[in-house]
Amino acid sequence: PVLVESLLVFAVVLWVHAAAWDRFSWCAVALALQAFYVQFKWDRLLQQGGAVFQFRGAATSGLLPASMVMPLLGVVMKERCRAAGIVYFERFGVVVASTGMLLALFLSVLAVGITKPVPTNTCILTGVAGSVIIYTMKHSLAVSEVIEVLEVLLIFVYLSMILLYLLPRCFTPGEALLVLGGVSFVLNQLIKRSLNVIEGRGDPIDFFLLVAVVGVILLGLFFTVLFTFMDSGTWISSMFFHMMTAVLGLGVIMPWLYRLIQRNPLLWLLQFLFQTQTRLYLLVYWTFLAASACGVVFYQNAKRSSESKKHQASTITRKYFHFIVVATYVPGLIYDRQLLYVAAVLCLAVFIFLEYVRYFRIKPFGQTLRHLLSLFLDERDSGPLILTHIYLLLGMSLPVWLFPRSCAPKGTLPGAGALVPYSGVLAVGVGDTIASVFGSTLGEIKWPGTKKTFEGTMTAIFAQIIAVALILIFDSSVNLNSSYAWILASVSLVSLLEAYTTQIDNLLLPLYLQIMLMA
């Protein structure tokens, strides 16, 4: 399975390389080759218990697929913005690609350094790939861009040491690279923009995303340190938690956002949410869907009998939430993408805050959340945090957040790129859901070395093609310009990756589909 997964990732890398064919795409090929070898060192370390931190079990390291996400995303973003003539975001794509390569190299060097005996051939390959990448960065980046890349690397190193120690068994090495690398990049962007505020420059919804993500992460770090010295389950601790959340929110996060958008954040948010009648209808509809999701949780817990306390929800039951998320995102993508952007940020902040309440057992809802959510755990929730629902939200939202709006003059990219905001809906909402449902109920022919079935993968591809046809009918802004073969190949490759990867597919698949469609 690891070899097939690696082959699929190599196919994506070569596809992007053929589309871009520049020094950075060559660097991506070199990075993929060395990551392929290094991931086997990580796998051996995980099996022998020799890794520095405790990583998630029952999964491979996932270094190769995770290492290539940021570099490839930066390369395709650079190409799209260069074609549109937007120099600022073209350089931003270069910084994203360079940052992703340097973070992946750091994780590779770490694995090689702690492997005993020292793997000579892998060291040589890593050294050659690193030399090529650093030489390219030296001749392609300005001094300020080099400093920015090194800042992200420094934040990543410290953040990894803190979070991987505090949260054992929550990530594989690849998932840690993807999640913590993304958080490090967002934190650095927020610091950079806060120090260089220019009135009227920048979209307020982008600032809202940066401040919300950094704010909830800093909130979690603060309470994690605090509750190492006191019991978090008492009423006094719970009152202190709610009080300090309000203080940090109103005293730090709100002024920070005010400095960036130059207006009252609460008034701006209320005005934005209720600006048009369409937004009001969407908010009412989404409230109904959120209530339906809560109803599913309560109903499934009510069915759990007292005799079967170890009973877990079935795969089909968990996929109810995927259907609800698809029903949430599709109208937003069709009618108001900016509202969907902001609503997804708010939802992410709420999800993470509720996870803090559950993890720290904050009264009065902490213990109740633990009981309700324990029914929906699977083997990927082996650590102290429950992250699968947050990964689902991220997988659906990242294509919307990462869509290069400034490089799409008419609000959409030409050809297959018009489907980029729908990457999460197609890969996770439709493909992964249909594959799981049909594979678990009708599947008989298993892919070699996996539990996934041939029938599930084929129905997933077919369902995504039908979904693309429906998008063409209902979303008039989508014009594929006869790029149907590219779309079919992209959907098929990502569906095969879903069958073979042991990483969090809710997070990985939408990003790879977005890369393919943007290429």
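The values are calculated or read from the model by the stated rules, or taken from the named source; none is laboratory data. Note that the structure is predicted; figures quoted are calculated from it, not measured. Reconstructed Cβ throughout: ideal geometry from the backbone, glycine too, with neighbour counts over all protein chains shown. Ligands, DNA and RNA are stripped out before the accessible areas are found, and what is left, the full protein with its side chains, is counted by its heavy atoms. Shrake-Rupley method; radii C 1.70, N 1.55, O 1.52, S 1.80 Å.
A few comments on the model shown:
- Region 128-141 residues that are under 16 Å from G93 (Cα atoms), paired with ones that are of a type in the set (F, W, Y) and assigned to a helix (DSSP H, G or I) (beta carbon under 7 Å, 6 or more apart): T136/F24
- Residue that is most open to solvent (accessible area, probe 1.4 Å), among those in region 468-498 that are in contact with a Ser or Thr (Cβ under 8 Å, 6 or more places away or on another chain) and at pLDDT below 90: N479
- Of all residues in region 135-161, those being open to solvent by 80 Å² or more (accessible area, probe 1.4 Å) and either outside any helix (DSSP H, G or I) or among the β-branched types (V, I, T) (or both) number 2.
- Annotation note: of V179, V186, the sole residue that is open to solvent by 30 Å² or more (accessible area, probe 1.4 Å), modelled with pLDDT of 90 or more and either in a loop (DSSP other than H, G, I, E, B) or more than 24 Å from L46 (Cα to Cα) (or both) is V186.
- For L7: the one exception among (1) crowded, with 18+ Cβ neighbours inside 10 Å; (2) at pLDDT 90 or above; (3) farther than 25 Å from S131 by Cβ; (4) over 20 Å from the mean Cα position of the chain (by Cα): (1)
- Residue in region 89-103 that is over 30 Å from G415 (Cβ atoms), touching a helix residue (DSSP H, G or I) at 6+ places or on another chain (Cβ under 7 Å), open to solvent by 20 Å² or more (accessible area, probe 1.4 Å) and not polar (S, T, N, Q) present: yes
- Among residues of region 227-249 that are closer than 16 Å to V350 by Cα and at pLDDT 90 or above, those with a beta-carbon under 8 Å from a residue that is open to solvent by less than 70 Å² (accessible area, probe 1.4 Å) and not in a helix (DSSP H, G or I) at least six positions away or on a different chain give the pairs F241/S232; F241/F360; F241/I362; H242/I362.
- Residue tally, condition in contact (Cβ under 8 Å) with a residue 60 or more places away in the chain and open to solvent by less than 40 Å² (accessible area, probe 1.4 Å), over region 58-83: 16
Yes/no per residue for (1) surrounded by 14 or more Cβ atoms within 10 Å (Cβ to Cβ); (2) in a helix (DSSP H, G or I); (3) of a type in the set (S, T, N, Q):
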position	(1), (2), (3)
I217	yes, yes, no
S238	yes, yes, yes
P255	no, yes, no
L260	yes, yes, no
F272	yes, yes, no
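- Test: residue in region 354-368 that is under 18 Å from the mean Cα position of the chain (by Cα) and in contact (Cβ under 8 Å) with a residue 12 or more places away in the chain: yes
- Complete set of residues in region 189-204 that are open to solvent by 40 Å² or more (accessible area, probe 1.4 Å) and either assigned to a loop (DSSP other than H, G, I, E, B) or among the aliphatic types (A, V, I, L, M) (or both): I191, L195, N196, V197, I198, E199, G200, R201, G202, D203
- Unique match (being in a loop (DSSP other than H, G, I, E, B), in contact with a helix residue (DSSP H, G or I) (Cβ under 9 Å, 6 or more places away or on another chain) and open to solvent by 50 Å² or more (accessible area, probe 1.4 Å)) among V132, V109, V118, V128: V118
- Qualifying residue in region 43-55 (condition: within 21 Å of L402 (Cβ to Cβ) and either in contact (Cβ under 8 Å) with a residue 60 or more places away in the chain or open to solvent by 10 Å² or more (accessible area, probe 1.4 Å) (or both)): no
Okay, residues lined up against (1) closer than 27 Å to H17 by Cβ; (2) assigned to a loop (DSSP other than H, G, I, E, B); (3) without any contact (Cβ under 8 Å) to a residue 40 or more places away in the chain; (4) over 17 Å from the mean Cα position of the chain (by Cα):
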position	(1), (2), (3), (4)
G417	yes, no, no, yes
G424	yes, no, no, no
S440	no, no, no, yes
A463	no, no, yes, yes
A467	no, no, no, yes
V491	yes, no, no, yes
T502	yes, yes, no, no
L508	yes, no, no, no
